[in-house]
Amino acid sequence: MARFSFAILVFILCTASAEAQRERCGTPEPTPTGAGVVPSDCGYWTNSPQPQYEPSCYYDVQVVFHVIQSNSGAGFLSAGTIQDQIDILNEDFQAIPGSPGAPGTDSRIRFHLATTDPSGNPTTGITYSNNNNWFQDSGSYWNSLAWDTNRYLNIYTNEVPCCYGYVSDFPSQGIAGQADDRVVLWWEAVGRQATSGWPGNMGRTATHEVGHYMGLYHTFCGGCGSAAACDSTGDLICDTNPQANPNYGCASSETSCGSSDPYHNYMDYTDDVCLWEFTPEQVNRMRCTLTYWRPDLYEVCSSDLGTNFCTSVANSSGSPATISVSGQASILANDMTLSAASSAIQTVGLFFYGANQVQVPFGDGFRCVGGMLFRLPPPLSSDTSGAVQRALDFTQSPLSSGPGEIQPGSTWNFQYWFRDPFGTGGAGFNLSDGLSINFFP
Ligand SMILES: [Zn+2]
C-alpha cells in the first residue's frame, strides 16, 4: 500500500498538468519500482558523478533522422531544417559561444548526421517515408525504419499527437539496442524556425528529449526530493535546485521547495527561449550514461587525436616514418599511446615533444618540434617492420611536472627520432613527421 501511494505521489509530481494543449513531453516518468538492469554510476534511481565522466575529449554521435509523412506529404522537413536541428543540438550540448546555448555547460558531446548507413553505404542520414498510421505515431514503425540503435541515435519526426516529443524509455532500463529505442519529435517543433511557434519554436524539444535519451530526468521529477539524498531522490542531480512542479512560459523568477527553480534548465518545461543550460552534474550523468548504457553509440575523441604536420623523409626501410596516437587526449583517462611506423627496423629510437612546430633539417630528415624539448625515455627498439609504441603516463615526469607538464587545455607536438645506420645520409638518424595533440581534462 505504501508503495502504491508513493507511485501515485510520483505520478502527480512528475506529470505536468496540461497548460498548453499539447504536452511539452511524453516521456514516461521513472517509476519507483523500476530497478534498472544492473548497478552503475548512473543508474535508474541513483547517480554517482565520478571524475572520469567530466567533459574531456569529444564523444561523436551519429544521428539518423526518420521523417515520417502522411500519405499526402504532411510533415515534410527539408535537409536544411534537419541540419539546423543538428546545429542546435551542438550549440546546446556544447554551449557554443555566441549561440543561444552559450550560457550552458560544454558537455563535449557532438552530433553529426550519419554519413554511412548500417550496410556501410553513403547516406544523407535522413530517411523519408509516407504512412498515415505512422504519421499519427501509431504502429511499430521502428521495426521497419530503425537503424542499429546501438550505433545510431534514431530520431523520428511525425505528428506525435500526445506532445512535443518523447523517448520510449531510459537507457538504464536496457533500451539501447532494442528496435524501439528512439527519440520522437513533433515535426513542427524541429529546427531553428520551427513552425509550431511558441513555446517550442527554437528546436529545444530535441535538446530536452536527447537529454532523456542520455539518462536525464525532468528537473521536477519526484518533486522536492531530499536535499540530503539529492543523488537518489528528485531528478538525482545535486546541482539542480529541487523543484516541486514543472514551469511553463518564461517568468523572471520561479521558486519552490525553498529555493529558486532551475527553470532555465533544458529538462524543465519552460519555453524554448527561456532554456539554456544543462548543469555540470547533468553533463556528468549523460557522459556516464553513454559509457555504461550506450557504449557503441559514440566514437571517443576520433577527431581530437592529433593532427599530423611537417615532412618525413624516406629512411633505410624505404618509407618515411609516421607518427600516430590512440586512446584519448584526456589527462584523466590516462590511456594514450604513441606509435611510430616505418622507422628503421630493429633499431633504437625515442619519442620527444615540445611546445612549438618547426621544420628544420636534422639528420636524414627534419626536426618538426621546437622550443624546449622533452624526451620520453626509455629508448625503444623497433620491431621487424619498423613499428614501435609507447604508452604515455600523465602521472609520470616529464608529463606530470616541470616545464614539460601537460595540462588540460594545452597543445603539444610529438615526434619520433630513430637511429638509421643503414641510411645513405651521413648523420645516421632520421625522424617521423610531427603530431600535434590538444589535451583535455
Ligand atoms: Zn521530458
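Numerical summary
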{"read-out": "Choice from S107, S385, S168 with maximal GNM fluctuation in the chain (Cα, 10 Å cutoff)", "value": "S385"}
{"read-out": "Packing-based order for 90-97, 117-124, using average beta carbon neighbours within 10 Å, highest first", "value": "90-97, 117-124"}
{"read-out": "For the chain, calculated [θ]222 nm from helices alone, where every DSSP H run of n ≥ 4 adds -39500 (n - 2.57)", "value": "-4000 deg cm²/dmol"}
{"read-out": "Amide proton proximity set for F440, modelled H, under 5 Å, gap of 5+", "value": "S330, I331, G409"}
{"read-out": "³J(HN,Hα) computed for each position of region 352-367 - Karplus, 6.51 cos²θ - 1.76 cosθ + 1.60, integer Hz, glycine/proline x", "value": "8, 8, x, 7, 10, 9, 9, 8, 10, x, 7, x, 8, x, 10, 8"}
{"read-out": "Relative pair counts by distance (%), Cα atoms of the chain, 20 Å bins", "value": "24, 45, 25, 6, 0"}
{"read-out": "In sequence order, calculated HN-Hα J values of region 191-207 (Karplus, 6.51, -1.76, 1.60; Hz; x Gly/Pro)", "value": "x, 6, 10, 4, 6, 5, x, 3, x, x, 9, 10, x, 7, 4, 5, 4"}
{"read-out": "Distant-in-sequence amide H partners of D420 (H built 1.01 Å from N, under 5 Å)", "value": "F429, N430"}
{"read-out": "Which of E209, E405, E54, E277 has the fewest Cβ neighbours within 10 Å, and the rest in rising order", "value": "E405, E54, E277, E209"}
{"read-out": "Phi to ³J(HN,Hα) by Karplus 6.51 cos²θ - 1.76 cosθ + 1.60 over region 251-264, Hz, x for Gly, Pro", "value": "6, 7, 7, 9, 10, 6, 6, x, 8, 5, 6, x, 7, 8"}
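Here, each number is a calculation from the coordinates, and none is a lab measurement. Remember, predicted model here, so these are calculated numbers, not experimental data. Positions of Cβ are generated from backbone atoms using ideal geometry, with glycine treated the same way; all protein chains shown enter the neighbour counts.
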